[in-house]
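What follows is one structure encoded as structure tokens, with my remarks underneath.
The values are calculated or read from the model by the stated rules, or taken from the named source; none is laboratory data. Just so it is clear, the structure is predicted and the values come from calculations on it, not from any experiment. Neighbour counts are summed over all protein chains in view; Cβ atoms, including those assigned to glycine, are modelled from backbone coordinates with ideal geometry. Areas reflect the complete protein model, heavy atoms only, side chains present, ligands, DNA and RNA absent. Shrake-Rupley method; radii C 1.70, N 1.55, O 1.52, S 1.80 Å.
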Amino acid sequence: MLDELVRKELSEEEITEIKLEEIIKYMTLIKKSKTFASAEIRKGELKLLSELAESLFELRLSKILEGKVSKGFDEFIFNIFKSLKQFYVELLIGRYIIYNDKIYCIVQKPLIYNNHKVDEGDVLVLPMREAVPLIIASYLTPYKIDIEEQL
């Protein structure tokens, strides 16, 4: 089945929709197949399946990075990459306030940071390494500068 998904993804310009039901059905078949195969055959099968899964991921990710709309069971995964891409681009064009590797962010959801409760609307200045996961998880939004005004 993975080979069919890779083939279909290669043949389509847009991202193909892979339904969760298809994946669940496929995983059930994979689990059942291990009872009929020797350990050596199973090892080879898993290597091949891993390579196909990696190829499918890379194909779908490349389409996302080209601006295609994600859809299917893995849409939420690729939305993370869209957020990373947006953050990266806006970082490199100078849209964020950064000082000594720290980025100014506005809290979107209450959270505990360094044993302190911070509430929605509060401003945090964090090392980028710590801020990015919280930005991706929608706890923080980087404070943005209107760079068009500075021109």
Is it the case, given these coordinates, that residue 64 is under 15 Å from residue 16 (Cα atoms), part of a helix (DSSP H, G or I) and either among the aromatic types (Phe, Trp, Tyr) or in the same structural domain as residue 13 (by the TED database) (or both)? yes
In the set 65, 126, 84, 140, the lone residue that is surrounded by 15 or more Cβ atoms within 10 Å (Cβ to Cβ), touching a residue at least 12 places away in the same chain (Cβ under 8 Å) and within 21 Å of the chain's Cα centre (by Cα) is 140
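Does segment 68-76 contain any residue that is loosely packed, with under 13 Cβ neighbours inside 10 Å and at pLDDT below 95? Let's see the steps before the verdict.
Pass one, segment 68-76, residues loosely packed, with under 13 Cβ neighbours inside 10 Å: 69, 76.
Now narrow it down to the ones that are at pLDDT below 95: 69, 76.
Yes: segment 68-76 contains one or more residues that are loosely packed, with under 13 Cβ neighbours inside 10 Å and at pLDDT below 95.
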Hey, among the residues in segment 94-123 that are assigned to a loop (DSSP other than H, G, I, E, B) and on the phi < 0 side of the Ramachandran plot, which one's surrounded by the fewest Cβ atoms within 10 Å (Cβ to Cβ)? 119
With respect to residue 47, determine if the residue is touching a residue at least 40 places away in the same chain (Cβ under 8 Å) and either part of a helix (DSSP H, G or I) or open to solvent by less than 90 Å² (accessible area, probe 1.4 Å) (or both). no
Pick from segment 9-34, criterion open to solvent by 90 Å² or more (accessible area, probe 1.4 Å) and touching a strand residue (DSSP E or B) at 6+ places or on another chain (Cβ under 9 Å), ranking: nearest to residue 65 (Cα to Cα): 17
(1) within 20 Å of the chain's Cα centre (by Cα); (2) at pLDDT below 90: which one isn't true of residue 19, the others all being true? (2)
